[in-house]
1. Given labels modelled 7 Å from the Cα in the Cβ direction, how far is it in nm from Asp58 to Leu100?
2. Under a crude label model (7 Å from the Cα following the beta-carbon direction), how far is Gln112 from Val2 in nanometres?
3. With contacts defined as alpha carbon pairs under 8 Å and 6 or more residues apart, what's the relative contact order of the chain in percent?
4. If you roll a 1.4 Å probe over the heavy atoms of the protein chains, what accessible area per residue do you get for the chain, in Å²?
5. Which entry is the computed Cα extents along the principal axes in Å for this structure: (1) 49, 30, 23; (2) 45, 24, 22; (3) 49, 24, 23?
6. Ranked from the most accessible area to the least, with a 1.4 Å probe and all protein chains present, what is the order of Ser23, Ser48?
7. Have a look at Ser107, Ser19, Ser31 and tell me which one the Gaussian network model of the chain (Cα, springs below 10 Å) gives the largest fluctuation.
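The values are calculated or read from the model by the stated rules, or taken from the named source; none is laboratory data. None of the values given here were measured: they were computed from a predicted structure. All Cβ positions, glycine included, derive from the backbone under ideal geometry; neighbour counts span all protein chains shown. When the accessible area is computed, the model is the full protein with side chains, heavy atoms only, and any ligands, DNA or RNA have been set aside. Shrake-Rupley method; radii C 1.70, N 1.55, O 1.52, S 1.80 Å.
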Amino acid sequence: QVQLVESTLVQSGGSLSLSCVVSGNIYKIYSMGWYRQTPGKERELVASISHGDTNYADYADSVKGRFTISRDYAENTVSLEMNRLNPEDTAVYYCNADLLAPLAPSSDYWGQGTQVTVSS
């Protein structure tokens, strides 16, 4: 049983941080990321980071230069630092983790979602 739990932290300067911790019987986490969804639209990738010899981060064009994703491998957490938020960032944000297991395909797990509302 694997659970993903999201949390939020309001920062000064119009910024907000999202954090997610993965708990349960974990062998290895390949990638972690954040997605968001608004009513009537498909869930879209915000940012993701994969583990390998080099850590790779991918960002949606709409958040490049404003959002930063980070991953703590020891704590099985992923965070998203969101800066210069605007109303277009309003959405439900979902944490995602791609878990690996020996001789088994990867499995996707999702958090319950966190509503982020940016008013102006």
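1. Computed distance between label sites Asp58 and Leu100 equals 1.6 nm.
2. Distance between the two pseudo-spin positions: 1.9 nm.
3. Once divided by the residue count of the chain, the mean separation gives 31 percent.
4. Here the per-residue accessible area is 58 Å².
5. Evaluating Cα extents along the principal axes in Å on these atoms matches (1).
6. Ser23, Ser48
7. Its mean-square fluctuation being the largest, the pick is Ser107.
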